[in-house]
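Reading through the C-alpha cells given below for one structure.
Please treat every number below as a calculation from the coordinates, not as lab data. Quick caveat: nothing in here was measured; it's all calculated off a predicted structure. Here Cβ is always computed from backbone atoms with ideal geometry, including for glycine, and neighbour counts include all displayed protein chains.
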C-alpha cells in the first residue's frame, strides 16, 4: 500500500518536531496551516532534487519559529516555507561551497 505524499509529510512533520503529536502547543487550525505549508515546500524540495532530512527539518524549524512569533495563516506559513526553500536551493558562494565540501570530506 502506497503512502500518500500528504501522509508522509505529516509523519515527517511530527518527526521534525521531535515530540508526540498530542503535545504540540498550537491549535488545530495553526497545525493544519503549518502542515500544508510544509507539504508544499517539501514537494518543491523533491522537484528540485534537494529533498533531505536536514532541509525538511530546517523548514519545520522555521515554521515552528513563525508560529511561536504569532503567525497563524496559511499565507504566512507558506511565505516562511518558500523563503527557506529558496535559501537552501540558492547557489552557495564558492568559498562557502569549498568549506562545506571540505567539512563533508572530513566528517
Working only with C-alpha atoms, what are the Rg and Dmax values of segment 49-107, expressed in angstrom?
14.1, 42
Taking the mean number of other Cβ atoms within 10 Å as a proxy for protection, how do you rank 58-67, 71-80, 41-50, 96-105 from highest to lowest?
58-67, 71-80, 41-50, 96-105
